Amino acid sequence: MKYDVLSDPLVHVEVDGELRHADLPQIFALLCGDHELTFTALQRHQHHPWHAFLVQLAAIAVTRGNGPKALDEAPARDPEVWRQSLLRLTKKKREPWCLVVDDLGAPALLQPPVPERNLDGFKTELATPDALDILLTTRNFDLKSQRMSDSEPEHWLFALVAKQTFEGFSGRLNYGIARMNGGMSNRPCLAIAPSLSWGPRFRRDVRVWVEQRPAIAKEHGYDAKGHALLWLDPWDGSESLARSSLDPFFIEICRRIRLTDAEGRLAARMSTSQIARIDATDHAGHTGDIWTPVSTKKGALASLTVPATGFTYRRLAELLFGEWTKPPALEVRADDGREPMVIAQALVRGQGKTEGYHERIVPIPPKARGFFVKDESRRLGSRSVLWIDRAGKVRSGVLKFAVLTLLQGVREKNLDLRDARADPWLERFEARVDEHFFTTLFDTIDLDDATSRGRWDAILDEVAKQTFTEAAEEVPLPSVHRYPILAAAEGRFHGALRRVLAELYEGRAIAKPATMTTEEHDRAHP
């Protein structure tokens with residue numbers, strides 16, 4: 001046995017500015033104390049997998065390993081309390097907590113026992129942890145593959161956690177986890193957090209899991225004494241576990257993997273399986289995961305799949321206020337403080353590629369905090385739908401036509417609306433609207449609908465004008481037709497903008513005389 005996470009300080013942790021090495025019980029103790037932590041070797045896309053692993057494992061230890069009940073009291077800050085509670089989960093056996101176990105008939109951390117007791121069928125050999133990780137880098141464009149030749153055990157630990165608890169389908173006989181809606185989906189995080197610090201988030205989410213345990217077990221038919229650490233049981237790749245046999249907090253494994261150690265150099269061997277480890281044919285990723293929203297559309301329950309566009313203001317507003325069942329972690333709690341925040345994270349999978357890691361943080365000001373309660377969120381939902389619709393009209397009904405006029409130099413009835421050359425400016429408009437959306441939505445939360453809409457229309461007006469001005473400067477125009485094309489585009493832009501934002505412009509027209517001097521009025525009306 002080598003690299004025991006219960007006793008070997010494998011993980012580099014910066015604690016209150018000081019670099020330390022810590023084992024898993026020490027990490028739990030630090031997370032329960034008043035410390036500022038940073039896992040220095042953790043990559044950005046591994047943050048939620050690592051957080052989820054720690055939270056679920058701690059919740060299992062609390063409920064089934066006689067772990068500390070109160071995470072803000074002294075026992076929770078004692079590493080030995082955590083060490084003993086984790087050992088109770090494995091009947092005092094140390095092998096399940098080691099990265100490398102030579103006895104293939106015994107479990108290793110996140111690696112099930114190999115019934116055949118040999119690795120002859122483990123054809124895939126991986127020399128570096130990034131090759132094991134869920135981030136596909138084989139094309140060597142943004143991030144080089146197999147670059148971690150000088151890796152340490154903690155790099156393998158983080159990659160192993162991500163692989164076994166967040167991986168999707170990746171080709172024939174390579175199945176993904178149950179906690180996602182299909183093999184090409186993802187396991188997102190949508191949560192409220194009191195801060196971005198690891199400790200407060202950890203303690204909060206452990207409490208959420210523990211409080212939700214009876215409801216999750218009842219809704220999903222889990223067994224309170226069922227399989228919790230799925231790497232403890234042998235798996236030859238030929239049979240699945242039924243949901244009814246699982247603990248509500250189960251930490252899954254989706255691949256047959258064993259780490260090996262040759263003269264201090266770690267490597268991985270991986271085999272395929274005939275079937276997924278968990279029978280997930282009947283729930284579309286709806287497993288009770290506290291971080292994953294569930295769709296209620298079309299009468300079917302299915303967990304969220306984040307698209308390649310990530311958490312745009314349109315998508316996030318729909319998740320927060322639309323026809324989605326909020327996961328328990330996304331409900332504001334009394335202990336979340338005066339200014340909590342929404343945290344949204346997802347690594348988006350594609351067909352044989354990674355389509356980006358997406359993360360978004362949205363602060364919730366004190367006056368908006370109460371509107372995240374279920375009944376009050378409907379008002380924000382209605383307002384956000386209207387605002388998104390108005391932004392869409394400005395984008396497609398105003399800006400797009402004007403920019404296409406610059407590009408094509410023809411009359412509106414002859415514009416080719418399929419012309420994708422306008423997309424860079426339309427995307428620029430969307431990005432700018434995105435920057436303002438939630439801040440303005442929360443700032444105007446105590447205003448009536450008409451007044452708040454006026455504020456939003458003023459922002460759309462400003463952003464549209466800024467973007468069109470840039471397009472007019474950037475689009476190459478033939479010199480002989482430059483001024484007629486500019487005039488046509490400007491006329492089309494301003495005319496459409498006045499129609500779409502009619503109330504804003506009517507209000508300005510009414511207010512204008514009251515603010516004009518006599519001299520200004522005479523100049524304006526000769």
Worksheet item: Can ASP261 be described as within 27 Å of the chain's Cα centre (by Cα) and not polar (S, T, N, Q)?
Response: no
Practice prompt. Answer yes if at least one residue in the stretch 100-121 is part of a helix (DSSP H, G or I), under 25 Å from ALA162 (Cβ atoms) and of a type outside the set (Ser, Thr, Tyr), and no otherwise.
Written response: no
Worksheet item: Given the conditions (1) modelled with pLDDT of 95 or more; (2) in a loop (DSSP other than H, G, I, E, B), which single one is not true for ILE192?
Response: (2)
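Filter the stretch 295-320 down to the residues that are under 17 Å from the mean Cα position of the chain (by Cα) and not in a loop (DSSP other than H, G, I, E, B) and list them by number. Working first, answer last.
So in the stretch 295-320, the residues under 17 Å from the mean Cα position of the chain (by Cα) come out as 295, 302-320.
Passing the criteria: SER295, ALA302, SER303, TYR313, ARG314, ARG315, LEU316, ALA317, GLU318, LEU319, LEU320.
Give the residue, chosen from GLU323, GLU263, that is among the acidic types (Asp, Glu) and at positive phi.
Numbers: GLU323 fails: at positive phi.
GLU263 is the lone residue from the list that is among the acidic types (Asp, Glu) and at positive phi.
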Discussion item. So the check is Cβ under 7 Å with 6+ separation or different chains; which pairs have a first residue in the stretch 431-447 that's on the phi < 0 side of the Ramachandran plot and a second one that's open to solvent by 10 Å² or more (accessible area, probe 1.4 Å) and in a loop (DSSP other than H, G, I, E, B)?
Written reply: ASP434/THR312; PHE442/PRO365
Worksheet item: Among (1) in a helix (DSSP H, G or I); (2) surrounded by fewer than 19 Cβ atoms within 10 Å (Cβ to Cβ); (3) among the acidic types (Asp, Glu), which single condition is GLU239 missing?
Response: (1)
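Have a look at THR292, THR296 and point out the one that is polar (S, T, N, Q) and at pLDDT below 95.
On the way: THR292 fails: at pLDDT below 95.
Exactly one of THR292, THR296 is polar (S, T, N, Q) and at pLDDT below 95, namely THR296.
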Discussion item. So if I check each of LEU173, LEU196, which one is surrounded by fewer than 23 Cβ atoms within 10 Å (Cβ to Cβ), at positive phi and in contact (Cβ under 8 Å) with a residue 40 or more places away in the chain?
Written reply: LEU173
Worksheet entry | Number of the exception - GLU252 against (1) exposed (fewer than 15 other Cβ atoms within 10 Å of the Cβ); (2) of a type in the set (D, E, K, R); (3) under 20 Å from the mean Cα position of the chain (by Cα) | (1)
Discussion item. For a quick check of your reading of the model, give me the residue pairs whose first member lies in the stretch 43-61 and is within 16 Å of VAL210 (Cα to Cα), whose second is crowded, with 21+ Cβ neighbours inside 10 Å and of a type in the set (Gly, Ala, Ser), with beta-carbon atoms closer than 8 Å and at least 6 apart or on different chains.
Written reply: ALA58/GLY67; ILE60/ALA228; ALA61/GLY67; ALA61/SER85
Response to the item:
Residue pairs within 7 Å by beta carbon, gap of at least six or interchain, first lying in the stretch 1-13 and farther than 20 Å from THR40 by Cα and open to solvent by 50 Å² or more (accessible area, probe 1.4 Å), second in a loop (DSSP other than H, G, I, E, B) and aliphatic (A, V, I, L, M), listed first then second, are MET1/VAL101
Fill in: Only listed residue being closer than 28 Å to PHE158 by Cβ and assigned to a strand (DSSP E or B), chosen from ALA268, ALA280, ALA276
ALA268
Worksheet item: Quick one: would you say ARG172 is assigned to a loop (DSSP other than H, G, I, E, B) and at pLDDT 95 or above?
Response: no
Discussion item. Whether any residue in the stretch 200-209 is of a type outside the set (Gly, Ala, Ser), open to solvent by less than 20 Å² (accessible area, probe 1.4 Å) and assigned to a loop (DSSP other than H, G, I, E, B) is what I want to check.
Written reply: no
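Inside the stretch 370-391, can you point out the residues that are open to solvent by 20 Å² or more (accessible area, probe 1.4 Å) and not basic (Lys, Arg)?
Scanning the stretch 370-391 gives GLY370, PHE371, VAL373, ASP375, GLU376, SER382, VAL385, LEU386, ILE388, ASP389.
Conditions (1) closer than 16 Å to CYS189 by Cβ; (2) open to solvent by 50 Å² or more (accessible area, probe 1.4 Å); (3) of a type in the set (Phe, Trp, Tyr), marked per residue:
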residue: THR296; (1), (2), (3): no, yes, no
residue: LEU301; (1), (2), (3): no, yes, no
residue: GLU323; (1), (2), (3): no, yes, no
residue: LYS326; (1), (2), (3): yes, no, no
residue: GLY350; (1), (2), (3): no, no, no
residue: GLU355; (1), (2), (3): no, yes, no
residue: HIS358; (1), (2), (3): yes, no, no
Discussion item. Name the residue that is modelled with the lowest pLDDT, counting only residues in the stretch 484-526 that are loosely packed, with under 12 Cβ neighbours inside 10 Å and hydrophobic (A, V, I, L, M, F, W, C).
Written reply: ALA524
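Any residue at all in the stretch 122-132 that's buried (at least 24 other Cβ atoms within 10 Å of the Cβ), aliphatic (A, V, I, L, M) and in contact (Cβ under 8 Å) with a residue 60 or more places away in the chain? Before the answer, list the steps.
Initial filter on the stretch 122-132 (buried (at least 24 other Cβ atoms within 10 Å of the Cβ)): 129, 132.
Okay, now just the ones that are also aliphatic (A, V, I, L, M), so 132.
The next check asks that each one be in contact (Cβ under 8 Å) with a residue 60 or more places away in the chain; those that pass are 132.
Taking every residue of the stretch 122-132 in turn, at least one turns out to be buried (at least 24 other Cβ atoms within 10 Å of the Cβ), aliphatic (A, V, I, L, M) and in contact (Cβ under 8 Å) with a residue 60 or more places away in the chain.
Every residue, every condition in (1) open to solvent by 10 Å² or more (accessible area, probe 1.4 Å); (2) modelled with pLDDT of 95 or more; (3) not in a loop (DSSP other than H, G, I, E, B), yes or no:
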{"site": "ARG20", "(1), (2), (3)": "yes, yes, yes"}
{"site": "ILE27", "(1), (2), (3)": "no, yes, yes"}
{"site": "PRO49", "(1), (2), (3)": "no, yes, yes"}
{"site": "GLN56", "(1), (2), (3)": "no, yes, yes"}
{"site": "ASP72", "(1), (2), (3)": "yes, no, no"}
{"site": "LEU86", "(1), (2), (3)": "no, yes, yes"}
{"site": "PRO96", "(1), (2), (3)": "no, yes, yes"}
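The values are calculated or read from the model by the stated rules, or taken from the named source; none is laboratory data. All of these numbers come straight from a predicted model, not from anything done at the bench. All Cβ positions, glycine included, derive from the backbone under ideal geometry; neighbour counts span all protein chains shown. Heavy atoms of the whole protein, side chains included, go into the accessibility calculation; ligands, DNA and RNA do not. Shrake-Rupley method; radii C 1.70, N 1.55, O 1.52, S 1.80 Å.
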